[in-house]
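Notes to accompany the following structure.
The values are calculated or read from the model by the stated rules, or taken from the named source; none is laboratory data. Bear in mind that the values here come from a model prediction, so they are computed numbers and not experimental data. Backbone-built Cβ (ideal geometry, glycine too); neighbour counts: all protein chains shown. Accessible surface is based on the protein model in full, side chains and every heavy atom, while ligands, DNA and RNA are left aside. Shrake-Rupley method; radii C 1.70, N 1.55, O 1.52, S 1.80 Å.
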Amino acid sequence: MTSFQWFSVISILAISFMGAYYPLIKHYKTIDNNSFPGSKAFTSGVFLALSLTDMLPDAFDAWQNYLLSNGYPLYPVATYIAISTFIVLLALEHRLDHFKEDQKASSPVIPIAMTMMIGACSFLLGTALGVSDTSAAVMVFLAIIAHKGSVSFALALTIAKSNMTRTQAYLCFLCFVVCTPLGIILGSVVHQSLMGESALIFKAVVTSIASGLFLYLGTTYGLRHTPFVAHCNNRKGFSTMLLGLIITVLVSVLALKLLGGVDGLVQGLGWPFWVRF
């Protein structure tokens, strides 16, 4: 693993524990997770930009290299995987939402189910960071940091309001905390150990999944309470979301332009993989 990846692991662990401080350590159960709507709207724009201008173009490029080298037609495999990821996550959250309605608010089953779903998303995000090149890895890291604290807070609050024992609560939250670092480590190790086409396919699949995941986090995560709907339905919220999107795109384009020349700039703008100067 690179020094940046280790820095990412430590930073993500730190902000995860910070998010859980008040619900789990101070036991403030009356606070809610609807604070700072502007930051949530901004993060939605960041996720949307990362999905469509970083992850999806990278996935297209990786699949293009693999398909062309093996004589296959240029199917939009990245899009198929991204859409499938989006639909699966949406279906799982719908199921979780209905499951919450059937359970008592203090049931320990609810935080366990939430931990499993959010942990799976966190693991995939970590894997995407582990296989990404420098510029893309920085963008993924910033996106993870931008939402990790609020997600940790929301999960810790749900755990605190359940009738779990303190030991069970800590273990449940710890399972969530380690998901992203484990994803980073696994993505990095597997990507470095694979060679040739195997490494290319692994990166193509992971970045395709990450594209669908970021699109889901930026648009429908939270269903009725999703920041994209709850906090972007007025001029201020929409402008904040748009600001997050624009800043992310500009940073991505600048990084790719500096590191990858004109070809990188094309990918940074999110244009299809067949467009070249």
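Here is a yes/no grid of residues against (1) open to solvent by less than 10 Å² (accessible area, probe 1.4 Å); (2) modelled with pLDDT of 90 or more; (3) in contact with a Leu (Cβ under 9 Å, 6 or more places away or on another chain):
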site: 132; (1), (2), (3): no, no, no
site: 155; (1), (2), (3): yes, no, no
site: 159; (1), (2), (3): yes, no, yes
site: 162; (1), (2), (3): no, no, no
site: 165; (1), (2), (3): no, no, no
site: 188; (1), (2), (3): yes, no, yes
site: 192; (1), (2), (3): no, no, no
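Quick one: residue 16 ticks every box in (1) surrounded by 17 or more Cβ atoms within 10 Å (Cβ to Cβ); (2) at pLDDT below 85; (3) of a type in the set (Gly, Ala, Ser) bar one, so which box is it?
Failed condition: (2).
Any idea which of (1) under 19 Å from the mean Cα position of the chain (by Cα); (2) modelled with pLDDT under 80; (3) open to solvent by 50 Å² or more (accessible area, probe 1.4 Å) is the one residue 104 doesn't satisfy?
Every listed condition holds for residue 104 apart from (1).
Which of (1) open to solvent by 10 Å² or more (accessible area, probe 1.4 Å); (2) touching a residue at least 12 places away in the same chain (Cβ under 8 Å) is the odd one out, the single condition residue 183 does not satisfy?
Unmet for residue 183, out of (1) open to solvent by 10 Å² or more (accessible area, probe 1.4 Å); (2) touching a residue at least 12 places away in the same chain (Cβ under 8 Å): (1).
Just to check your reading of the model, which residue among 70, 33, 65 is modelled with pLDDT of 80 or more, surrounded by fewer than 23 Cβ atoms within 10 Å (Cβ to Cβ) and touching a Leu at 6+ places or on another chain (Cβ under 7 Å)?
Result of the check over 70, 33, 65: 65.
With respect to residue 159, determine if the residue is closer than 28 Å to residue 20 by Cα, of a type in the set (Val, Ile, Thr) and part of a helix (DSSP H, G or I).
yes
Take the residues of segment 79-99 that are at pLDDT below 80 and of a type in the set (A, V, I, L, M, F, W, C): which is surrounded by the most Cβ atoms within 10 Å (Cβ to Cβ)?
Only one residue tops the list, namely 96.
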